[in-house]
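Here the structure comes first, spelled out in structure tokens, and everything after it is commentary.
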Amino acid sequence: MKKAIIDHTAKSAVVRYCFFLLMLLTSTMAFGQTPRGRVQVIRDPLFDTLLAKRAMLNSGGRRNSSGSYVSSYGYRVQIYSGSNRSAAFNAQARFNMEFPEMRTYIVYREPNFKVRAGDFRSRIEAERMKNQLNGTFSAMFIISEKINPPKTVVSND
């Protein structure tokens, strides 16, 4: 009697093993990918232009006189930093009255407004401007950041 029970369990184990192999083979055949054709990608000709423009914008570049993009780092003098917006605009107006040819920039990083002036290529130029403004503005700093390069005069002579 015991022998019959053992044979029965052995037969069911073999059946389970065969069923497992059958399922494994059918799943690999069902999920296997066979190449049926070629994929052809058709893209708009403006796509390359957009990629080039995106790369230029991400690099923060500007065009120079030859038409190529140039980005440069330099220095600016920070003349105001505070949370009062009207005081920031007043500081910018006061600076623009003294130096109308120099560019000023207002940067807002919550909760402070920062007024920065100039596009200096060297720290020495920024130090000179800071010394000129010493009595006019208090708590000035020299900041290193990406600047707008000064315009160069191109002559055709």
Report summary line: In whole Hz, the Karplus estimates of ³J(HN,Hα) for the stretch 43-51 (6.51, -1.76, 1.60; θ = phi - 60°; x where Gly or Pro) are 10, 5, x, 6, 4, 5, 5, 5, 5
**Report entry** Diffusion coefficient, µm² s⁻¹, Stokes-Einstein with Kirkwood Rh over alpha-carbon pairs of the stretch 72-147 at 4 °C and 1.567 mPa s
**Finding:** 105 µm²/s
Query - Fewest-first ranking of 128, 76, using other Cβ atoms within 10 Å as the exposure measure - result: 128, 76
Query raised in the report: Percent relative contact order of the stretch 72-147, based on C-alpha pairs within less than 8 angstrom and at least six residues apart?
Result: 50 percent
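Read the figures in this text as sums done on the coordinates, not as results from a lab. None of these values were measured; they are calculated from a predicted model. Every residue, glycine as well, gets a Cβ built from its backbone with ideal geometry; the counts of neighbours run over all protein chains shown.
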